[in-house]
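Beneath this line is the structure, given in structure tokens, with notes to follow.
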Amino acid sequence: MSTHRIAALLAMCLLLSSGCVGAVTQEDVVAGAARLYRARIDGLAQAGMLDRDASFLARVARIAQRLSEQARRDNPAAPVWSWEIHTSGDPDDNAFCMAGGKLLVSQAYVEQLALTDAELAMVLSHEMQHAILLHHLKEFDEAVRRDPRWLARPFSELEDALDNDARLMGQLAALNREQEVEADREGLAMAWRAGWRANELAAYFRKLEQAATMSHIGNATHPAPLARWRAARRQAAQLDSGRAGTLEKADFPQ
Ligand SMILES: [Zn+2]
């Protein structure tokens, strides 16, 4: 065995024995997301595409507020989320939520799909679930579990790789799909608990399905729009008829 290889193994053993595996913390992830979010928001502001339409921003903020109050009621013991929401005039955006609750919604996306308030609530509730369910932290943990050497490198490199390294993204695709299914399901349930009718929330997925050119085909990270619509329709029928809790895992896209 070469000295090189021995040194590499020693480094790996040190990492493992120091308990570093899985040592990405929610604080790391939230701090990184806050930095990236700020850069994105500043970029949009400089391009004149941030929060251009005050009434649209107010509409999004009102719906997000109602959802965040529900999130609080759902889990009063959880740390207080510092939700932040902005709207984008960039037609290439749709909607996202970064770790810690940093949301961005594209006005063009909402207008293209002519989303009702309930449908917009579905979009926001799905995005908020990614933060509530710590999906970003779980993604980082999975990357580190697959390759503990990430812990020896600057955190920003792993952040960048999660968005740009095709090999790593491929390795995490199955987890991403699971997280999308979970965000659809928990997002619909939370918005329903906040007072919207489940079938009106599920209608968002019908619009998504109708807008897709090949709705039966998903992509690397998202289930097919048709499967999402069918799952949402089944879940909504059960929620609106008071049969929540009878859904099986098989009722959701895999
Ligand atoms: Zn999502």
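In the stretch 190-230, how many are under 27 Å from GLY170 (Cα atoms), assigned to a helix (DSSP H, G or I) and out of contact with any helix residue (DSSP H, G or I) (no Cβ under 8 Å at 6 or more places or on another chain)?
Residues meeting the conditions: 2.
I'd like the residue in the stretch 124-172 that is buried (at least 17 other Cβ atoms within 10 Å of the Cβ) and among the aromatic types (Phe, Trp, Tyr) and, out of all such residues, is modelled with the lowest pLDDT.
Looking at the filtered set, the residue picked out is TRP150.
Under 7 Å by Cβ, and 6 or more places apart or on different chains, what pairs join a residue from the stretch 178-205 that is more than 19 Å from SER241 (Cβ to Cβ) with one that is away from the ligand (no atom under 12 Å from the Cβ) and at pLDDT 95 or above?
Matching pairs, first to second residue: ASP184/ALA231; ASP184/ALA232; TYR204/LEU115; TYR204/GLU119.
Which of the residues that make up the stretch 9-44 are at pLDDT below 90, surrounded by 13 or more Cβ atoms within 10 Å (Cβ to Cβ) and among the small types (Gly, Ala, Ser)?
Residues satisfying the conditions are ALA11, GLY22, ALA23.
Has the stretch 159-166 got any residue that is touching a Pro at 6+ places or on another chain (Cβ under 8 Å), among the aliphatic types (A, V, I, L, M), free of Cβ contacts under 8 Å to residues at least 60 places away in the same chain and farther than 20 Å from ARG228 by Cβ?
No.
When the residues of the stretch 45-55 are filtered to those that are buried (at least 17 other Cβ atoms within 10 Å of the Cβ) and not charged (D, E, K, R), which remaining residue is nearest to ALA191 (Cα to Cα)?
LEU50
Tally time: how many residues in the stretch 83-99 are assigned to a loop (DSSP other than H, G, I, E, B) and either aromatic (Phe, Trp, Tyr) or under 20 Å from VAL24 (Cβ atoms) (or both)?
The qualifying residues number 2.
Output the residues belonging to the stretch 167-190 that are of a type in the set (Gly, Ala, Ser) and either within 13 Å of the ligand (Cβ to nearest atom) or over 15 Å from ALA231 (Cβ atoms) (or both). It would help to see each step written out before you state the result.
First, pick out the residues of the stretch 167-190 that are of a type in the set (Gly, Ala, Ser): 170, 173-174, 183, 187, 189.
Of everything in the stretch 167-190, those that are of a type in the set (Gly, Ala, Ser) and either within 13 Å of the ligand (Cβ to nearest atom) or over 15 Å from ALA231 (Cβ atoms) (or both) turn out to be GLY170, ALA173, ALA174, ALA183, GLY187.
Quick check: anything in the stretch 137-159 away from the ligand (no atom under 14 Å from the Cβ), in contact with a helix residue (DSSP H, G or I) (Cβ under 9 Å, 6 or more places away or on another chain) and closer than 25 Å to ARG62 by Cα?
No, every residue in the stretch 137-159 fails to be away from the ligand (no atom under 14 Å from the Cβ), in contact with a helix residue (DSSP H, G or I) (Cβ under 9 Å, 6 or more places away or on another chain) and closer than 25 Å to ARG62 by Cα.
Any residue at all in the stretch 87-101 that is surrounded by fewer than 16 Cβ atoms within 10 Å (Cβ to Cβ), more than 16 Å from the ligand (Cβ to nearest atom) and over 14 Å from ALA189 (Cα atoms)?
Yes, because at least one residue in the stretch 87-101 is surrounded by fewer than 16 Cβ atoms within 10 Å (Cβ to Cβ), more than 16 Å from the ligand (Cβ to nearest atom) and over 14 Å from ALA189 (Cα atoms).
The values are calculated or read from the model by the stated rules, or taken from the named source; none is laboratory data. All of these numbers come straight from a predicted model, not from anything done at the bench. With ideal geometry, Cβ positions are generated from the backbone for all residues, glycine too; neighbour counts draw on all protein chains shown.
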